[in-house]
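First comes the structure, then the notes that go with it.
Every number here is computed from the coordinates shown, using simple stated rules; none is lab data. None of the values given here were measured: they were computed from a predicted structure. Here Cβ is always computed from backbone atoms with ideal geometry, including for glycine, and neighbour counts include all displayed protein chains.
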Amino acid sequence: MSSNKEYLDYVLEQLSELEGITYRAMMGEYILYYQEKIFGGIYDDRLLVKPVSAAKALLSDAPEELPYEGAKEMLLVEDVDDKQLLRKLIISMSGELPMPRRKKHNKL
């Protein structure tokens, strides 16, 4: 099942106070970035974030769910209506998230 663009738009509105939030569509779902680092995504109209220590501390009761079959479990953000919680969550996670790897281009 794919995610609705309307749900993505709602989540992006909830995160609008943070600079550097971007997304990328991927096979009917959406990967979410904060300052170029992947922190989670929208999967089947659910906001899931990487289970880093900061996220586990702030979402201690959050269930772990699979974004898709064969993937690693992520934490479900159940209260997407709480802008302050989302802001605090993403900022606190950012220090634990790796910078994206740069692709090497083969020279001919």
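Computed over region 5-94, relative contact order equals 25 percent, with contacts defined as Cα pairs under 8 Å that lie 6+ residues apart.
Subtracting the Cα-Cα distance of D45 and E6 from their residue separation scaled by 0.36 nm leaves 13.1 nm. The angle between the Cα long axis of helix 5-14 and the longest principal axis of the Cα atoms of the chain comes to about 70 degrees, rounded to the nearest 10.
The Cβ shell under 15 Å around Q35 holds other residues with a net charge of 0, Lys and Arg each +1, Asp and Glu each -1. Compared with the direct C-alpha span, the chain from V80 to E13 gains 23.1 nm at full extension, assuming 0.36 nm per residue. Rg and Dmax over the alpha-carbon atoms of the chain stand at 14.1, 52 Å.
Straight-distance candidates among the lysines for linking to K37, with alpha-carbon spacing under 25 Å and chain neighbours fewer than 8 residues away dropped: K5, K50, K56, K72, K83, K88, K103, K104.
Loop-located GluC sites (Glu not before Pro) in the chain (DSSP state other than H, G, I, E, B) with a sparse environment of at most 14 neighbouring Cβ atoms within 10 Å: E17, E19, E36, E69, E73, E78, E96.
Quick one: angle between helix 83-94 and the longest Cα principal axis of the chain, in degrees between 0 and 90, rounded to 10, please. Taking Cα atoms only, the helix is inclined about 40 degrees.
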